[in-house]
Amino acid sequence: MAKKITLPLTDEIVKDLKSGDEVLLNGVMYVGRDAAHKKLVASLDKGEKLPLDLKGATIFFMGPSPARPGRPIGSAGPTTSYRMDSYSPRLMAEGLKGMIGKGMRSQAVKDAMKEYKAVYFGAIGGAGALISKSIKKADVLAYDELGAEALRRLEVEDFPATVVNDIYGGDLYEEGKAKYKKD
Amino acid sequence: MREIKTDEIIKTVSELFQHSCHYLPDDVLNTIKKAHETEESPVAKEVLGKILENADIAGAEQIPLCQDTGLSVVWLELGQEAHIVGGDLNEAVNEGVRQGYDKGYLRKSVVRQPFSARVNTKDNTPADIWTTIVPGDKLKISVLPKGGGAENMSRLTVLAPAQGHQGIIDFVVNRVSESGSNPCPPVTVGVGIGGTTEKTMMLAKKALLRKMGEHNHDPEVAEMEKEILEKVNKLGIGAMGYGGRTTALAVNVETHPCHIASLPVAVNMQCWCNRHEEAII
Ligand code: SF4
């Protein structure tokens, strides 16, 4: 049974999440990929105020396809996360507690997740049509000039995801592979 | 000389991209269904079920299967007895891409300068266009919207001829293993062997267009495809890398003669979302 979770995340919530848990996320999350991450970290370096409050925030690594008229968003599946690895620890230090994407993270990111008590969720790559059904509202928050790569704010209902990396060092990719590997 | 109008090419390219981004080919869909039935890992089974549900929603509600509607790869096989009228052939293909990505609400994912400014071209052009001249008076157009996640896992190596069969198997299986969850498994593994290196890469990519369930007509190569598939599916990566039996849906190997000193091998992977379509004008 999938656990229902209300965002933003707190220490209380993340301590009960273990790699392999299925979750349904509800509430507000943010969307950004490579270019938006680069800008966020550049702003932090310059001491500027960010366009979002990172405390307890969850960022979904995603760049949607354009919305058809009358719809909040187009297809909206995760992008490959390793491209955000060089930025994520910095954002976790500022309060980021959740990341949603697909694919393995670096050891530095996994270490930072333990240190700052943050989790990494996997969403099904390519299932952009299915995932879009859980997105009720989408607004561009900043960096509109980046098009599909703009920073967005989403309101989601029962957004389906799986805990890949938890705060205890659990890693579903490694555990799953070890379980089903044959020699 | 049979005349083929660029207007028809534009329309065809536009429709092929729109359709392929919303509907999986039947052979791909059926292979995923089979994997869903047989998968032992409950987590992977759940993922495969959602992938099938996603395909239903994409078609019924006209939402692209995946938000990454790719860089537009186009192969043209132009009959030498055909005459293109109405304008420039490559421009017609690009115009088809432009119109298809606009009308189909597909994502524009191309940046003009690759390593610094990276400004989006906003219409998904230019397409990668590969033209060959063939006998006949028709034009065959094959399209492959190629997403970044799977494409980024591509690799090329040039083995010593002495490494032979085993060297190829090790390279390909290792590539799939290292790619893990990144290319959205279960994947289709395209493998090119032979040629000079640009040819090798092209063989690997074009191998992705093959119908699932079909094997290379050379029995030795077909055997190799089966051997690699079996090895890859023992890796345990499974759907989305969460652990499972189906890491690849198919392994398609294409070969070409090569230099006496060389044994080039290329891998090009495609995600479960193996979208591609073709039309003949
Ligand atoms: S690898 Fe394929 S399925 Fe995955 S996000 Fe990219 S295009 Fe979509």
TODO: Keeping to segment A:40-65, report how many residues are buried (at least 17 other Cβ atoms within 10 Å of the Cβ) and either basic (Lys, Arg) or within 13 Å of chain B (Cβ to nearest Cβ) (or both).
DONE: 6
TODO: Tell me which of these residue B:26 doesn't satisfy, since it passes every other one: (1) free of Cβ contacts under 8 Å to residues at least 60 places away in the same chain; (2) within 13 Å of chain A (Cβ to nearest Cβ); (3) more than 16 Å from the ligand (Cβ to nearest atom).
DONE: (2)
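Considering segment A:67-95 alone, what residues qualify as being of a type outside the set (Phe, Trp, Tyr) and within 16 Å of the ligand (Cβ to nearest atom)?
Here is the first cut: in segment A:67-95, the residues of a type outside the set (Phe, Trp, Tyr) are A:67-81, A:83-86, A:88-95.
Correct list: A:73, A:74, A:75, A:76, A:77, A:78, A:79, A:80, A:81, A:83, A:84.
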Task: Identity of the residue in segment B:241-264, of a type in the set (Ser, Thr, Tyr) and closer than 21 Å to residue B:208 by Cα, that ends up least open to solvent (accessible area, probe 1.4 Å) - done: B:247
Open item on the list: Looking at B:61, B:95, B:53 in this structure, which one is surrounded by 18 or more Cβ atoms within 10 Å (Cβ to Cβ), of a type in the set (Asp, Glu) and out of contact with any strand residue (DSSP E or B) (no Cβ under 7 Å at 6 or more places or on another chain)?
Closed with: B:95
Open item on the list: Is it the case, given these coordinates, that residue B:267 is closer than 19 Å to residue B:180 by Cα, in contact (Cβ under 8 Å) with a residue 60 or more places away in the chain, of a type in the set (A, V, I, L, M) and outside any loop (DSSP other than H, G, I, E, B)?
Closed with: yes
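Can you tell me which residue among B:206, B:211, B:199, B:234 is more than 16 Å from the ligand (Cβ to nearest atom), assigned to a loop (DSSP other than H, G, I, E, B) and within 30 Å of residue B:16 (Cα to Cα)? Talk me through it step by step, then tell me what you get.
Details: B:206 fails: assigned to a loop (DSSP other than H, G, I, E, B); B:199 fails: assigned to a loop (DSSP other than H, G, I, E, B); B:234 fails: within 30 Å of residue B:16 (Cα to Cα).
Sole residue among the options that is more than 16 Å from the ligand (Cβ to nearest atom), assigned to a loop (DSSP other than H, G, I, E, B) and within 30 Å of residue B:16 (Cα to Cα): B:211.
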TODO: Assess whether residue B:103 counts as being within 13 Å of chain A (Cβ to nearest Cβ) and either away from the ligand (no atom under 16 Å from the Cβ) or touching a residue at least 60 places away in the same chain (Cβ under 8 Å) (or both).
DONE: yes
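Tell me which helices (runs of 4 or more DSSP H) are completely within segment A:41-147 and hold 3 or more residues being out of contact with any Pro (no Cβ under 8 Å at 6 or more places or on another chain), or say none if there are none.
On the way: elements: A:88-93, A:107-116, A:128-132.
Ranges flagged: A:88-93, A:107-116.
The values are calculated or read from the model by the stated rules, or taken from the named source; none is laboratory data. Just so it is clear, the model here is predicted, and its values are computed rather than measured. For neighbour counting, all protein chains shown are included, and Cβ atoms are generated from backbone atoms with ideal geometry for every residue, glycine included. All accessible areas refer to the heavy atoms of the entire protein, side chains included, with ligands and DNA or RNA removed. Shrake-Rupley method; radii C 1.70, N 1.55, O 1.52, S 1.80 Å.
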